[in-house]
């Protein structure tokens, strides 16, 4: 009977050891599943952002194409440069006019 008891003790330890290994494996799988769920959630959030950007781009493209927008920006910059030059020329002309009028009064 002692021999059966000793054999049962060894078998129960073996079974217990295997159950602990299985438990550890299940816990590892649960951790991995949590990581996968987290990554999946992040990917869904990124997908939502991409979809929002797609819809925004579609709306912008309906208003103006990227090429047209580039041309408009160039035109605006050209107009800003023209404005700067025009104001500078106007100021110089006004200054010269003032000098000419002052000289005309002085030499009169």
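The figures follow:
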read-out	value
Option label - volume of the Cα convex hull per residue in Å³ computed here, alternatives (i) 434; (ii) 92; (iii) 171	(iii)
Linear extension gain, residue 48 paired with residue 18, 0.36 nm per residue minus alpha-carbon span	6.4 nm
Spin-label model distance (nm) - residue 103 vs residue 35, 7 Å beyond Cα toward Cβ	8.6 nm
Hydrodynamic radius of the stretch 65-108 per Kirkwood, over alpha carbon pairs, in Å	13.0 Å
Stretch gain in nm, segment residue 87-residue 28, where the contour uses 0.36 nm per residue and the Cα spacing is subtracted	13.9 nm
Computed [θ] at 222 nm, deg cm²/dmol, the chain (DSSP H ≥ 4; -39,500 (n - 2.57); rounded to nearest 500)	-36000 deg cm²/dmol
Between 0 and 90°, nearest 10: helix 2-63 axis offset from the chain longest Cα axis	20 degrees
Helix 66-106 vs. the chain, principal-axis angle (Cα, 0 to 90°, nearest 10)	30 degrees
Semi-axes of the equivalent ellipsoid for the stretch 1-63, Cα gyration tensor, largest first, Å	60, 5, 4
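Bear in mind these aren't lab numbers, they're just calculated from the coordinates by the rules spelled out. Owing to the predicted nature of the structure, the values given are computational and were not obtained by experimental measurement. Quick reminder, even Gly has a Cβ in these numbers, built from the backbone with ideal geometry, and neighbours come from all protein chains shown.
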